[in-house]
1. What residue, among those in region 360-383 that are near ligand 2 (Cβ under 7 Å from one of its atoms) and of a type in the set (Val, Ile, Thr), is surrounded by the most Cβ atoms within 10 Å (Cβ to Cβ)?
2. Would you mention how many residues in region 30-73 are among the basic types (Lys, Arg) and within 23 Å of Ile224 (Cβ to Cβ)?
3. Name the residue, out of Cys351, Cys391, that is closer than 25 Å to Thr431 by Cα, more than 11 Å from ligand 2 (Cβ to nearest atom), buried (at least 17 other Cβ atoms within 10 Å of the Cβ) and of a type outside the set (A, V, I, L, M).
4. Just one of (1) among the polar types (S, T, N, Q); (2) out of contact with any Leu (no Cβ under 6 Å at 6 or more places or on another chain); (3) within 27 Å of Leu235 (Cα to Cα) trips up Asn394, so point out which.
5. Need at least 2 residues that are within 15 Å of ligand 1 (Cβ to nearest atom) per element, so show me which strands (runs of 3 or more DSSP E) inside region 386-432 make the cut, counting only ones lying wholly within it.
6. Based on this model, can you work out whether Cys457 counts as crowded, with 17+ Cβ neighbours inside 10 Å, farther than 29 Å from Ser275 by Cα and in contact with a Leu (Cβ under 7 Å, 6 or more places away or on another chain)?
7. Looking at region 210-241 only, could you name the residues that are of a type outside the set (D, E, K, R) and over 22 Å from Arg84 (Cβ atoms)?
8. Quick check on this structure: which one of Glu299, Glu346, Glu294, Glu306 is within 16 Å of ligand 1 (Cβ to nearest atom) and not aliphatic (A, V, I, L, M)?
Amino acid sequence: MARAVAFGSVEVPSAVRVKGPEEAKKEARRIAVEEKDKVIIVGKGAWKVYAELAHEMRMNSENFYLLEALDPVEARLAGLSWGRLLLSRIAYTARRPAEKAFSELGSPEKRVTRRALLRGTIVEAAMEYTEKPVEDTVLCRNIAIEKYCENCLKACELEGGCPVSAALCGIELLYLPGYTRSGLHDALRSMAPLEKPGYALIAPRSSIAELLEKLSDPPNPVVIVPVSCPYVAGLEELLALHALGLQPVVVEAGWEPEIKRCRESRNPYRDMVESDYVKITGLRLIHSPEEAIELVNGEPQVLSVENPGQYLARGLRPLALAVLKKLGIAADLSTGFSSVLRVDTEKCTLCGACAYECPTNALKVKEATDVSALLFLHDRCIACGYCEEVCPENALSVPRAVNANLINTWTPLVLKESLRCIVCGEPLGATAMIEKTIERLILKGFHPENMPQLLMCESCKQKYSLGMISDDQIDYEALYRVVNRVRRRLGLEPLEPPKKK
Ligand code: SF4
Ligand code: SF4
């Protein structure tokens with residue numbers, strides 16, 4: 001649970017009450033340093049207190065990740081009740097494992113360099129950085145580093161390894177609630193949907209005090225979304241905001257002096273996200289605080305969907321997809337939001353390796369009596385490229401793209417004739433895959449015509465190995481038909497099936 005330190009006239013149940021900003025700073029620091037507890041500073045001007053205190057603590061190698069703030073002006077701007085905003089900020093802060101964060105300046109040995117990220121696996125480097133950000137280490141360890149999308153590395157020209165890099169991992173191998181996309185999702189879940197369209201200012205915490213001072217009575221709601229770095233918001237998050245009726249503004253301001261170089265360095269990832277965003281929405285993404293202030297005085301241009309709440313419960317991706325659907329959009333992307341897989345149907349044997357390994361279950365092989373199929377659900381695909389990596393036939397490619405026509409439908413990528421069990425007639429799987437196995441056996445000098453179990457279902461295979469199936473129950477003609485098809489392809493003479501006794 002997060003503790004609250006309140007000053008001024010705001011009503012905050014069970015908060016530690018102090019006289020003013022200076023006392024709030026002292027008390028918040030005491031709670032964070034001595035009690036190692038999370039603390040929300042509440043009151044008019046709270047973000048100014050936050051910015052000063054976070055900077056001091058950072059310079060002192062203290063854990064400023066334990067701090068958060070809430071200014072009552074935020075509730076007025078967003079058109080939300082004060083109680084709702086307070087509860088949502090408390091819940092958001094409480095979910096963050098900020099007590100595990102460390103101070104970069106005080107722990108130089110723990111900093112993760114770009115070279116470290118490239119040399120080792122992303123997971124190990126990220127664990128070193130955040131201590132426990134990793135959801136699923138198995139996937140990450142299995143793939144060679146050059147096979148990744150590398151969004152995390154592209155995000156930072158300096159050295160990577162920051163929470164933003166972690167946030168850009170498409171499959172959320174790198175997961176750090178509170179300071180990454182998940183934190184952003186949590187924050188939005190508790191605030192939206194609003195009653196009328198407005199703006200979402202995604203802003204670094206240290207810039208919020210200045211923004212609030214300049215935002216005097218805009219005609220539309222303005223929700224402030226505190227983040228560690230504005231680049232935490234990827235394409236999916238920006239589109240999801242539209243669905244909630246909020247036009248996103250990514251405010252680039254108020255960075256700590258020592259990370260200013262990040263902003264000043266060219267940032268390919270930021271450009272990629274922006275160009276994808278423009279491709280889909282036709283809107284420019286505003287970055288400067290001055291333009292942001294000007295923008296929020298106009299009419300928001302949002303592509304909101306009906307009943308966003310019903311999507312929100314499932315996360316931000318369904319919301320982003322709902323926007324695409326509304327626009328009927330099909331676009332190639334640079335960022336890793338999703339993919340429309342391309343399969344070389346000649347090469348694909350329907351072995352199912354891709355479906356087995358896909359981390360999001362976006363692929364499945366369906367075996368039916370006459371036809372087997374590789375089916376694909378675009379909504380689930382995160383363009384991780386893992387299927388391409390594991391396909392033994394090099395049949396797959398993963399271009400980044402979105403296509404509204406594919407949403408909510410299992411699309412058949414490959415359809416192939418099925419074989420039946422040569423004993424009971426049950427569907428066995430795709431002809432192409434079984435023929436591939438037979439081809440490999442022939443090339444290795446085996447005689448597949450003497451291995452009838454190759455064309456048996458699991459149950460008949462077991463019975464056959466226990467001697468419970470006699471030769472006259474086996475359709476040898478069917479077995480030889482398949483074997484001879486492969487032999488002909490290999491330029492070998494076909495064989496005669498054994499005569500029935
Ligand atoms: S695309 Fe590749 S891995 Fe997937 S079923 Fe086809 S051959 Fe197997
Ligand atoms: S279909 Fe391929 S690219 Fe898409 S999520 Fe599954 S493994 Fe990753």
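1. Among those that are near ligand 2 (Cβ under 7 Å from one of its atoms) and of a type in the set (Val, Ile, Thr), it is Ile382.
2. 4
3. Criteria check complete, one pass: Cys351.
4. (3)
5. Per the criteria, 410-420, 427-430.
6. When the stated conditions are applied, Cys457 passes them.
7. Result: Ser216, Ser228, Cys229, Pro230, Tyr231, Val232, Ala233, Gly234, Leu235, Leu238, Leu239.
8. Glu346
Each value in this text was obtained by applying a stated rule to the coordinates, not by laboratory testing. These numbers come from a predicted model, not from an experiment. Cβ: placed from backbone, ideal geometry, glycine included. Neighbour counts: every protein chain shown.
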